[in-house]
Structure formats: C-alpha cells, structure tokens
Amino acid sequence: MSKKVAVVTGSNKGIGYAIVRGLCKQFDGDVYLTARKEELGQEAIKSLNSEGLSPKFHQLDITDQASIDRLRDFLKSNYGGLDILVNNAGMAYKQASTAPFAEQAEVTNNTNYFGTLAVCEAIFPLLRPHARVVNVSSMVSTFAIKKCSNEVKEKFLNTKLTTKELSGLMNDFIQAAKNGNHTSKGYPDSAYGMSKVGVSVLSEIQHRQLSADPREDVIVNACCPGYVDTDMTSHKGHKTIDQGADTPLYLALLPPGSKSPAGNFLSERKIKNWSQ
Ligand code: NDP
C-alpha cells in the first residue's frame, strides 16, 4: 500500500503551522507543510525540524491554478492519492484597512472561497477511501449569514444548491460590492464574512457529493478554530495556535468508519448549526 499523506494549505505560520505540528506528532504518514512563498515555507520547516519533527514542503498558492496543478501532479506521481486535506489558507483585510470594499470583497473571496474551491476541485479526485477533508471556516460565517436578507439567506441555504450555483452567488456578491449596491441586494458589509459563508456552504455541498461517491468513508467537515493569536487577528486572539489547531486536528484524524461528525460545522470539537 502507498504511504499515507496529508496536506495543509497556508501552513508556514499561524493555525496551519500548528496543524502541521499536530499531524507530525499524530498522523502515521508524510505531512506536507505548504506555503505560497517557498522561503517562508522552508523557514517553517526548519523551525519544526528544531522540535524534532519532519514535515515535508511543497509550494502552494491557492489562487494560482498552475501551483495547485503542480501539487496535484506531485501527489499523484509520488503517493497515488491523498489521505488528509486541511484547507486552512485564508486572508482578511484589517479592520483599519482603507482598501475600497469592492477590492476587499474580490480579493478576500478569491482567496478564501474560490481558492479553496480550486484546491478541492483539483485534489478531490486523489482522495483515497477513509480520507478526511477539513475546511477551516469561521463563526464569522454565522454572523454574516444572519445579516443577509431572507431572500439571500434562502439561496445560500438551499439544500439542493450546486457548487456552480454557489460560485454564482459568490460572484453576485462581488459584483454587487463593485456596483456599490451589495447592501440593497441583501448582503452584509463583510467581505470576510461572506467568504466564510461560501466555505461553510461549500462544505455541505461537498458532503452531499462525497456521500454519493463510490469511494468509501470520505468525510468532509468545516470548523471554526476559535479566536486565535495569529497575524490575522493582529495577535488579539486569546487562543494559542495549538489550541486553534485542536478542532481541525480532531477532524483530520477522525478514525476510519466514523459516522459523525460528517458534513458538519464544528467549534470546540462540537457540532454547531452555523447558519442559525
Ligand atoms: P494567518 O494570517 O496567521 O495565516 C494565514 C496563512 O494562509 C498564511 O500561511 C498565509 O500565507 C496563507 N495564505 C494566505 N493566502 C494564501 C494563498 N493565496 N495561498 C496559500 N496560502 C495563503 O491566519 P490564521 O492562522 O489566523 O488563519 C488560518 C485560517 O483560520 C484562515 O482560514 C482563517 O480565516 C481562519 N480563522 C482564523 C481565526 C483566528 O482567530 N485567527 C478565526 C476563525 C477562522 P502568507 O504567510 O504567505 O501570507
């Protein structure tokens, strides 16, 4: 049997770095720390090496299709599949950012939603039976969906929504932000919140798809890591990165044959109804 393998996106720092650290300690297989900037990735590898851990490195920019395809081809030829995928990479503008909302909506969603989707579309065909996928979303998706008009909310929470339709809704939000009419169209004033609504809904769609997939026991879940002390929160979060990594690690390491959680959203290892 081929060696098992795990990939964590955006793991040169923050929660992703701690997820790699945890997988190196708990997962019986190769663990790939990935980063869009090779240099930062190699520095992170060195730092984990100094703790006696041996993650491997592969470059990955989730907004660059060529980069995603290179990782897919690498995994295919070296491992013939994938056992754990943690979609952790993400970005957020600072609250004090003066970048126009239209720009924030486009850039944030292109990374957090469309980038995550592009990774999944390329890499899901490689998932082996018993694979685990963890999409790092946020409780902010709860605040954002609550602020949507009933009409918008219904569209996002339609249990028959397809990925294509979800991407259409995400693009509609971005376009509305560019037109300056996103609030009158029923969207909230949160580029990051909407990007995580996209990730939370995407996880539910992926669960429906994977449940119908002939590959056995492939589970996808979304989660919120909590409020974590990272660059993203300007180090205001109260959790350490290892505490933030706890729920993603729990989901990545769900034992074979687990029935629940599956297709859920979790916080503190507990299933939450993120959309209410
Ligand atoms: P950090 O800003 O510390 O780390 C984000 C990581 O994502 C970095 O490695 C960054 O790389 C990487 N990244 C950004 N854009 C890309 C890209 N295009 N391709 C590949 N990697 C990319 O954030 P956190 O660790 O705090 O966040 C990790 C995840 O957790 C995110 O999805 C975030 O939304 C989510 N989250 C965080 C919370 C918190 O309190 N911190 C709360 C709820 C959710 P680089 O160094 O090159 O920028």
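The values are calculated or read from the model by the stated rules, or taken from the named source; none is laboratory data. From a predicted model like this one, the values you see are computed outputs, not experimental measurements. Cβ atoms come from the backbone with ideal geometry, glycine included; neighbour counts cover every protein chain shown.
Couple of notes before you dig in:
- Residue in region 251-258 that is in contact with a Ser or Thr (Cβ under 7 Å, 6 or more places away or on another chain) and surrounded by fewer than 18 Cβ atoms within 10 Å (Cβ to Cβ) present: no
- Pairs where the first residue, in region 216-230, is in contact (Cβ under 8 Å) with a residue 60 or more places away in the chain and the second is assigned to a loop (DSSP other than H, G, I, E, B) and hydroxyl-bearing (S, T, Y), C-beta under 7 Å, 6+ apart: I219/S258; A222/S137; C223/S137; C224/S137; C224/S138
- Every residue from region 36-64 that is farther than 13 Å from A18 by Cα and of a type in the set (D, E): E38, E39, E43, D61, D64
- Among the residues making up region 54-74, those that are among the hydrophobic types (A, V, I, L, M, F, W, C) and either free of Cβ contacts under 8 Å to residues at least 40 places away in the same chain or more than 18 Å from K37 (Cα to Cα) (or both) are F57, A66, F74.
- Residues in region 121-138 that are of a type outside the set (D, E, K, R) and either outside any helix (DSSP H, G or I) or in contact with a Ser or Thr (Cβ under 9 Å, 6 or more places away or on another chain) (or both): L127, P129, H130, A131, V133, V134, N135, V136, S137, S138.
- Of the residues examined, L71 is one that is under 18 Å from V134 (Cβ atoms), of a type in the set (A, V, I, L, M, F, W, C), within 14 Å of the ligand (Cβ to nearest atom) and not in a loop (DSSP other than H, G, I, E, B).
- Single condition Q95 does not satisfy, out of (1) modelled with pLDDT under 95; (2) buried (at least 17 other Cβ atoms within 10 Å of the Cβ): (2)
- Residue match in region 36-59 (condition: within 30 Å of Y187 (Cβ to Cβ) and within 14 Å of the chain's Cα centre (by Cα)): no
- Residues (part of a strand (DSSP E or B) and within 13 Å of the ligand (Cβ to nearest atom)) located in region 11-62: Y32, L33, T34, A35, F57, H58, Q59
- For region 74-104, taking the residues that are closer than 21 Å to G16 by Cα and touching a His at 6+ places or on another chain (Cβ under 9 Å), the one that is farthest from the ligand (Cβ to nearest atom) is identified as D83.
- Within the option set S141, S77, being in contact (Cβ under 8 Å) with a residue 40 or more places away in the chain, part of a helix (DSSP H, G or I) and small (G, A, S) holds for one residue only, S141.
- Test: F173 is out of contact with any strand residue (DSSP E or B) (no Cβ under 8 Å at 6 or more places or on another chain), buried (at least 21 other Cβ atoms within 10 Å of the Cβ) and not small (G, A, S): yes
- Helices (runs of 4 or more DSSP H) within region 161-276 that include 3 or more residues of a type outside the set (D, E, K, R) and within 11 Å of the ligand (Cβ to nearest atom): 191-211, 241-244
- Of all residues in region 1-20, those satisfying the criterion of being among the basic types (K, R) and within 23 Å of L127 (Cβ to Cβ) are K3, K4.
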